[in-house]
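Chemist: Encoded as structure tokens, here's the structure I'll be asking about.
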Amino acid sequence: MTAAPTTTDPQALDILKRVWGYDAFRGVQADIVRTVAAGGHALVLMPTGGGKSLCYQVPSLLRPGVGIVVSPLIALMKDQVDTLRQLGVRAAFLNSTLSLDGVREVEAALLAGELDLLYVAPERLLLPRTLDLLERAPVALFAVDEAHCVSQWGHDFRPEYGQLGVLPERFPHIPRLALTATADDRTRADIVRVLGLAGAPQFISSFDRPNIQYRVAAKEGPKSQLLDFIRREHPGDAGIVYCLSRKSVEETAKWLLAQGVDAVAYHAGLSPRERNAAQERFLNEEGLVVVATVAFGMGIDKPNVRFVAHLDLPKSLEGYYQETGRAGRDGLPSTAWMVYGLADVVNVRRMLAQSAAPEDVRRVEAAKLDALLTYCEAATCRRGVLLSYFGETLPHPCGNCDVCLAPPRVRDATREAQMALSAAIRTGNRFGAAHLTDVLLGRDTEKVRAMGHHTLPTFGVGKAHDEKMWRGLLRQLVSLGYLAAGEHHGLSATAKARPLLRGEETLHLREDTLAPRPPRDRAARPGRAPVDAGDRPLFEALRAWRLSRAREQGVPPYVIFTDATLKTIAELRPGSLHTLGTVSGVGQRKLAEYGEEVLGVVRGQSGGGRPASSRQPGEAERGAAGNAAVLGVLRGSSQPSAPSAPSSARPAALFPQPPDDTPPSSPPHPAVAEALRELRRELARETGHSAFVVFPNATLDALAVRQPRTVAELAGVPGLGPKRIEAYGERIVDAVLTALDG
Ligand code: ADP
Ligand code: ZN
């Protein structure tokens, strides 16, 4: 199905490097680019953040003529065009937001061959005037973005998309590229049919999003759990918080604001103006949290959303995947975090039980709900459960979900389950979880008395456990379908419960269903924080510079540079335009436009920590020459001559500045120092490096002073870059803890 990979066309790679500043294509991008550049059609299924845009943008530059991109998301077109223009690509859009003059101007540019890429709304494309125009213009390809909108099967059906069959009819020989992140077979078949792609290669990527860490915890106090999560793991980051009701959206946003987290509410009850304002703020500010109903998100292209939190259960696993998928499009570590509780499970089960939908619809919905709840209660790798729902198999547990990071204890809960089930049956299969818990715990409440439940044999049988345990157990029994939720939240034992009650079946459940988060040393792996503590001040300075440049130009900050690019700059601390130009995401146009300013920010931040004498002689002069060379290349001349002297930036990256809040120096702990020396000898033997290559004395001394107790605390220790932390971090922490305990 997927075309066999072959070598990448050097011309395509050259464009990727010169325009985007990227070194290599990702996954199947190269194959797609080659297919389309050679005049072929293709269907591309790739998850959000997978890199679909390059699949049509690069061929548009490789082929003569303009690439026509059909996109239903008018709100995004300006962003996409701004992003391309920043790269020096001649891009424009045609949609209803343009004035008549604006339209004329774009049309003239199109006919004059002055455009590389043109984004068109489908209704605009279908106008006879536009189609005629396109027949007269040189067209490189048609890219149909969000191609699943052709299908009535999905939830995003657009009638105009259904009419895109006009493309194969009127432009049969121009390459057509359909792209989507929605994968099911029926939708795919519709895309092939409508866009005439029978026989065209289909490029299907894994739907895994490895940079997203999946976490699910039991709901205790959702707002404070959320606040704790944001404060500990994502302070100052942009994120989305999903709630089911408008009321809880409003309340949560208000609460976060009161606690000092910059947050704004978004739901369908707000006026279009208020909603637009919230969306604009989200795109244009750095660290805003949007608290929203599911109404928020479609077409949110912001690449640096660092977390997506669910305070209520999503509708289905598809919904969950889509909503969490809005995190981390830029590939940097991000978190999908959810809390849910007994009441949520009872509610969704009850709503389904009482739904008036036809039988077959209800059956599909019940299966979807089961899948979602199985995911929530999973005692195996969550990514594995999620991907298997989409028909993919994960070869190993992922190592980046709460289950992998802190495996829950699974124990035989057969006896407790029998107690809970018989409590439900003996009270008449009609009481809610609170009452059942009272009965199990032997609480002599008014209701228990009135019902005479204090005389039941189950009364008080569960005293050995606490209320939390029982609520967790009841939640799992409802999730797994042993208990059904009916009217007034009443729980009744189902047919599935019978073999369990008769002792013919055992039940194993996760024990620590209430574990709010993975243990701190594992959770706080270095990969978790997008930027090392030592590089943070420079990263922040670069972000501040970016924001001011973005404001001047009226574009979102990530259009200037992505976080991933700023992160690399902060780590590398380039001292010359040449070195800066090697950073992924710094193409020639941006180097020419912003290079000197960025170097200025780097110099300004490094001033204290990095003596000028450590810089290579002549670096500054090379900078100026490099700039001229860069401009030359943009105009089509040859590559700038690469200076041969090695860059001085590397050592700076290996020895990041300590963070500003470094504690005042204190004497090193002798036992810790000795343990670390021993560890270093061990590592030197294992790796075959000499001891000071493993880590230098300065690092050892700093560790003995700081005595880090978690891997996260290693960030910012002189001499410990991400690679060393990755390789040795856990063993260093182990050595420190053992020495301190002994
Ligand atoms: P999608 O449209 O599939 O959601 P995008 O096209 O927006 O994804 O790409 C997601 C991010 O990944 C963007 O920031 C993009 O610049 C980056 N990206 C895509 N391909 C590459 C590549 N080959 N090398 C580096 N970054 C890439
Ligand atoms: Zn996992």
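The values are calculated or read from the model by the stated rules, or taken from the named source; none is laboratory data. Because the structure is a prediction, the values reported are computed rather than measured. Don't worry about glycine lacking a Cβ; one is built from the backbone with ideal geometry, like all the others, and counts go over all protein chains shown. These area figures cover heavy atoms from the full protein model, side chains too; ligands, DNA and RNA do not enter into them. Shrake-Rupley method; radii C 1.70, N 1.55, O 1.52, S 1.80 Å.
Chemist: Picking from G585, I560, L256, whose Cα lies most toward the positive end of the charge dipole for the chain (charges on Cβ: Lys, Arg +1; Asp, Glu -1)?
Modeler: Of the listed residues, the answer is L256.
Chemist: Could you pull out every one of the lysines with an alpha carbon less than 30 Å from that of K496, ignoring same-chain neighbours closer than 8 positions?
Modeler: K219, K315, K368, K447, K463, K468
Chemist: With every protein chain left in place, what is the accessible area of C398 in Å² (1.4 Å probe, nearest 10)?
Modeler: Ignoring ligands and nucleic acids, C398 comes out at about 40 Å².
Chemist: Continuing with this model, one more query. Sorted from largest to smallest, which semi-axis lengths in Å does the alpha carbon gyration tensor of the range 162-214 give for its equivalent ellipsoid, taking the root of 5 times each eigenvalue?
Modeler: Values: eigenvalues 150, 26, 19 Å².
Output for the range 162-214: semi-axes of 27, 11, 10 Å.
Chemist: Keeping every protein chain in place, order H508, H396 by accessible area at 1.4 Å, biggest value first, i.e. largest first.
Modeler: Numbers: H508 105, H396 130 Å².
The residues order as H396, H508, largest area first.
Chemist: OK, next. Normalised radius of gyration for the range 277-400, please: alpha carbon Rg relative to 2.2 N^0.38 Å, two decimal places.
Modeler: Details: Rg = 16.2 Å, N = 124, 2.2 N^0.38 = 13.7 Å.
The range 277-400 yields a ratio of 1.18.
Chemist: Restricting everything to alpha-carbon atoms, can you work out Rg to Rh for the range 662-741 with a Kirkwood hydrodynamic radius? Could you put the intermediate results ahead of the total?
Modeler: On the way: Rg = 11.4 Å, Rh = 12.3 Å.
Across the range 662-741, the Cα-based Rg/Rh ratio is 0.92.
Chemist: Once phi is turned into ³J(HN,Hα) by the Karplus curve 6.51 cos²θ - 1.76 cosθ + 1.60 with θ = phi - 60°, what whole-Hz value does each residue of the range 61-73 show in order, with x for glycine and proline?
Modeler: Karplus values, whole Hz, x for Gly and Pro: 7, 6, 8, x, x, 9, x, 9, 10, 8, 9, x, 9.
Chemist: Please list, short to long, the whole-number percent of alpha-carbon pairs of the chain in consecutive 10 angstrom bins beginning at zero.
Modeler: Bins of 10 Å from zero give 2, 12, 20, 23, 20, 13, 7, 3, 0, 0 percent of pairs.
Chemist: Quick one: how many Å² of R232 are accessible to a 1.4 Å probe, rounded to 10?
Modeler: So the heavy atoms of R232 present about 120 Å² to solvent.
Chemist: Here are some pairs, K17/K78; K78/K302; K52/K302; which of them have Cα atoms lying more than 18 Å apart in this structure?
Modeler: K17/K78
Chemist: On the full set of protein chains, 1.4 Å probe, figure out the accessible area of W255 and give it in Å² to the nearest 10.
Modeler: 70
Chemist: Something else now. Which ³J(HN,Hα) values, rounded to whole Hz and listed in residue order, are derived for the range 266-281 from phi using the Karplus coefficients 6.51, -1.76 and 1.60 in 6.51 cos²θ - 1.76 cosθ + 1.60 with θ = phi - 60°, glycine and proline given as x?
Modeler: Residue by residue, the range 266-281 yields 8, 7, 5, x, 7, 5, x, 5, 5, 5, 4, 4, 4, 5, 4, 4 Hz.
Chemist: Compute the whole-percent fraction of alpha carbon pairs in the range 536-605 spaced more than 16 Å apart. Provide the component values of the computation, followed by the final result.
Modeler: Numbers: 911 of 2415 pairs.
Here the long-distance tail beyond 16 Å is 38 percent of all Cα pairs in the range 536-605.
Chemist: In square angstrom, what is the accessible area per residue of the range 536-605 with a 1.4 angstrom probe? Kindly include the intermediate steps, with their values, before the conclusion.
Modeler: Details: 2140 Å² over 70 residues.
Each residue of the range 536-605 exposes 31 Å² on average to a 1.4 Å probe.
Chemist: Taking a probe of 1.4 Å, how large is the accessible area per residue of the range 1-134, in Å²?
Modeler: Numbers: 5270 Å² over 134 residues.
Here the residues of the range 1-134 average 39 Å² of exposed surface.
Chemist: Further question: Find the relative contact order for the chain and round it to a whole percent, using C-alpha pairs within less than 8 Å whose residues are 6+ positions apart.
Modeler: Values: 1231 pairs, mean separation 82.7, N = 742.
Rounded, it is 11 percent for the chain.
Chemist: If you put +1 on each Lys and Arg Cβ and -1 on each Asp and Glu Cβ, how big is the dipole of the range 410-510 around its Cα centre, in Debye rounded to 20?
Modeler: Values: 15 positive and 10 negative charges, 15 e Å.
It works out to roughly 80 debye.
Chemist: Calculate what fraction, in whole %, of the accessible area of the chain sits on carbon and sulfur atoms when a 1.4 Å probe is rolled over the protein chains. The partial results should precede the final answer.
Modeler: Details: 17210 of 32010 Å².
It is 54 percent, rounded to a whole number.
Chemist: Suppose every Lys and Arg Cβ carries +1 and every Asp and Glu Cβ carries -1, with no other charges. What dipole size does the chain come out with about its Cα centre, to the nearest 20 debye?
Modeler: Values: 88 positive and 83 negative charges, 124 e Å.
Dipole magnitude for the chain comes out near 600 debye.
Chemist: Report, in debye and to the nearest 20, how large the dipole of the range 536-605 comes out about its Cα centre when Lys and Arg carry +1 and Asp and Glu carry -1 on their Cβ.
Modeler: Values: 10 positive and 7 negative charges, 18 e Å.
Its charge dipole is roughly 80 debye.
Chemist: What accessible area per residue, rounded to a whole number of Å², is obtained for the range 212-405 using a probe radius of 1.4 Å? If you can, show how the numbers build up before the last one.
Modeler: Numbers: 7550 Å² over 194 residues.
Counting only protein heavy atoms, the per-residue value for the range 212-405 is 39 Å².
Chemist: Regarding the range 1-149, what are the three Cα extents along the principal axes, ordered largest first, in Å?
Modeler: 45, 31, 27
Chemist: Please arrange M419, M351 by accessible surface area, largest first, computed with a 1.4 Å probe and ligands excluded.
Modeler: Values: M419 30, M351 120 Å².
My answer, sorted largest first, is M351, M419.
Chemist: Separate question: Hey, if you put +1 on the Cβ of every Lys and Arg and -1 on every Asp and Glu Cβ in the chain, which of L483, L133, F157 ends up farthest toward the positive end of that dipole?
Modeler: Checking the options against the dipole of the chain, the answer is L483.
Chemist: Can you sort Y161, Y22 by solvent-accessible area, 1.4 Å probe, largest first? Display every interim value, and only then the final one.
Modeler: Details: Y161 0, Y22 75 Å².
These residues rank, largest area first, as Y22, Y161.
Chemist: Have a look at V120, L317, G287 and report the one farthest towards the positive end of the charge dipole of the chain, computed about the Cα centre with Cβ charges (Lys/Arg +1, Asp/Glu -1).
Modeler: My answer, from the dipole projection, is L317.
Chemist: At q = 0.14, 0.18 Å⁻¹, what base-10 log of I(q)/I(0) does the Debye formula yield for the range 137-183 when every alpha carbon is treated as an equal point scatterer in vacuo?
Modeler: After summing over all Cα pairs, the log10 values are -0.36, -0.57.
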